[in-house]
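Read through the structure below, which is laid out as structure tokens, and then see the notes.
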Amino acid sequence: MQPMIVVKDLKKIYKTYEREPGLINAIKSLFHRKYEYKEALKGISFEVEEGEILGFIGPNGAGKSTAIKALSGVLFPTSGEVNVMNFIPWKDRVKYVKHIGVVFGQKEQLWWDLPAIDTFYLHKDLYEIEEKEFEKRLKNMVKILQIEDVMKTPVRDLSLGERMKCKILAALIHNPKLVFLDEPSIGLDMVAKERLVDFIKDVNKKYHTTFIVTTHDMQDIERLCKRIIIINHGEIIYEGFLEHIKDKYLKKKLIDVKFESQKSDFNLKGCKILNKTKYEIKIELNLEKNSIRNLVDYLLTNFEIVDITVQDPTIEEIIKTIYQNV
């Protein structure tokens with residue numbers, strides 16, 4: 001079975017120019033410009049299966065937004081191939097957009113001076129949704145997202161979090177097969193985030209909707225995605241299951257040790273003391289320099305131990321390390 005999305009050797013090069021500040025340099029730039037070429041995407045390739053929730057992450061300027069724009073059809077790449085549901089997004093845009101939903105956290109997608117419900121009904125007509133089906137979907141989504149009163153208030157009077165909920169509903173009301181979510185939880189409190197995550201999972205399960213999620217909030221990624229793609233400097237540096245990223249990149253362990261009493265000072269190769277009190281010590285163990293077994297043997301030999309807790313760094317910390325080392 002063919003994947004829903006197939007991307008092969010996708011490249012995007014931006015042509016820009018620089019000039020010195022000042023009026024004279026502005027005039028000079030009209031006749032002579034110094035051009036620069038920036039590779040936003042350096043030939044990335046990947047596939048996405050139907051019904052998958054994929055995390056597409058990277059630091060600012062990594063190229064993820066450029067890739068999403070190409071996939072959603074709003075950007076022409078320099079070269080490469082993209083096939084989404086047998087559409088070439090930027091060539092078949094009119095037909096293609098009927099099958100996708102897009103939420104950009106920083107871009108306004110609702111009529112600013114009108115209540116959000118007016119946008120919902122506009123989408124009903126644009127996407128030719130049957131009346132009964134529309135009312136059923138609308139009622140269900142409004143209830144889950146808890147925007148009964150919010151959707152009747154002019155968009156300009158809504159908070160950022162309230163607008164995000166309305167944007168998500170507007171993007172999903174026509175039951176698209178593929179949805180791009182860019183920073184979907186921006187402006188939401190913890191309770192609202194949990195509801196949003198449950199909502200996305202419910203839509204994914206009920207309609208087999210495919211989601212591509214880009215966000216800096218790693219908690220969203222951990223709760224939603226089984227597989228992730230990490231992009232940096234226009235290149236894919238990791239593609240695989242989220243649970244496997246620890247096996248590949250985990251180089252440290254965090255150990256919390258509680259003592260009955262200390263007989264000597266702690267000193268072991270590969271260990272960094274993060275915090276120390278009379279009866280407790282927090283250690284960062286470098287797995288490339290020493291092992292957990294050696295650390296435990298050392299502790300049991302030299303100290304009277306009450307408890308030992310071993311923890312992995314968070315996914316966010318691991319991915320931050322990946323960014324720094326690439």
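The values are calculated or read from the model by the stated rules, or taken from the named source; none is laboratory data. All values reported here derive from a predicted model rather than from experimental measurement. Here the Cβ is made from the backbone with ideal geometry for all residues, glycine too, and neighbour counts use every protein chain on show. Just the protein is used for accessible areas: all its heavy atoms, side chains included, with ligands, DNA and RNA removed. Shrake-Rupley method; radii C 1.70, N 1.55, O 1.52, S 1.80 Å.
Each of ILE117, ASN175, MET164 was scored by the projection of its Cα onto the charge dipole of region 92-235, and the greatest displacement toward the positive side belongs to ASN175; charges sit on the C-beta of Lys, Arg, Asp and Glu. Let me know the shape class of the chain, please: from the alpha-carbon gyration tensor, a ≥ b ≥ c as square roots of the eigenvalues, rounded when a/c is under 1.5, otherwise prolate if a/b is greater than b/c, or oblate. Note, shape of the chain comes out prolate. With angles folded into 0 to 90 degrees, how steeply does helix 190-207 sit against the dominant principal axis of the chain? Use alpha carbons for both and round to 10. Helix 190-207 sits roughly 60 degrees off the main axis of the chain. Relative contact order for region 185-317 using alpha-carbon pairs under 8 Å, separation at least 6, rounded to a whole percent? So the answer I get is 22 percent.
Of the candidates ILE24, ILE308, ILE281, which one comes out as most mobile in a Gaussian network treatment of the chain with C-alpha springs shorter than 10 Å? The residue with the greatest mean-square fluctuation here is ILE24. Only the Cβ atoms of Lys and Arg (+1) and of Asp and Glu (-1) were treated as charged; on that basis the dipole of region 19-144 about its Cα centre amounts to roughly 580 debye. Computed with a 1.4 Å probe on the full set of protein chains, the accessible area for MET190 sits at about 100 Å². Would you work out which of ILE237, TYR249, LEU224 lies farthest towards the positive end of the dipole of region 215-279? Charges go on Cβ: Lys and Arg +1, Asp and Glu -1. In region 215-279, that residue is TYR249. Ranking ASP217, ASP265, ASP198 by solvent-accessible area of protein heavy atoms (1.4 Å probe, all protein chains present), from largest to smallest, gives ASP265, ASP198, ASP217. Each residue was assigned an accessible area with a 1.4 Å probe, and for GLU39 the value is about 90 Å². Ranked from largest to smallest solvent-accessible area, with a 1.4 Å probe on the protein heavy atoms, LEU23, LEU114 come out as LEU23, LEU114. Against the criterion of solvent-accessible heavy-atom surface with a 1.4 angstrom probe, LEU122, LEU250, LEU54 sort, most first, into LEU122, LEU250, LEU54.
Based on Cα contacts under 8 Å between residues 6+ apart, region 1-103 shows a relative contact order of 35 percent. The charge dipole of the chain, taken about its Cα centre with unit charges on the Cβ atoms of Lys, Arg (+1), Asp and Glu (-1) only, comes to about 820 debye. Across LEU138, LEU285, LEU300, mean-square fluctuation computed from a Gaussian network of the chain (C-alpha pairs under 10 Å connected) peaks at LEU300. Surface composition of the chain: carbon plus sulfur atoms contribute 50% of the solvent-accessible area (1.4 Å probe, protein chains only, all chains present). Dipole of region 1-110 computed with +1 at Lys/Arg Cβ and -1 at Asp/Glu Cβ about the Cα centre; of MET4, LEU54, THR16, farthest Cα towards the positive end is THR16. Mean sequence separation of contacting Cα pairs (under 8 Å, at least six apart), scaled by the length of the chain, corresponds to a relative contact order of 18 percent.
Near HIS99: Cβ cut-off under 14 Å, other residues only, Lys/Arg at +1 and Asp/Glu at -1. The net charge is +1. Taken about its Cα centre, region 198-326 carries a charge dipole of roughly 180 debye when the Cβ of each Lys and Arg holds +1 and the Cβ of each Asp and Glu holds -1. Protein heavy-atom accessible surface, 1.4 Å probe, per residue over region 199-288: 55 Å². Let me cross-check GLU148: its accessible surface, 1.4 Å probe, with only protein heavy atoms counted, in Å² to the nearest 10? In the full protein context, GLU148 sits at about 90 Å².
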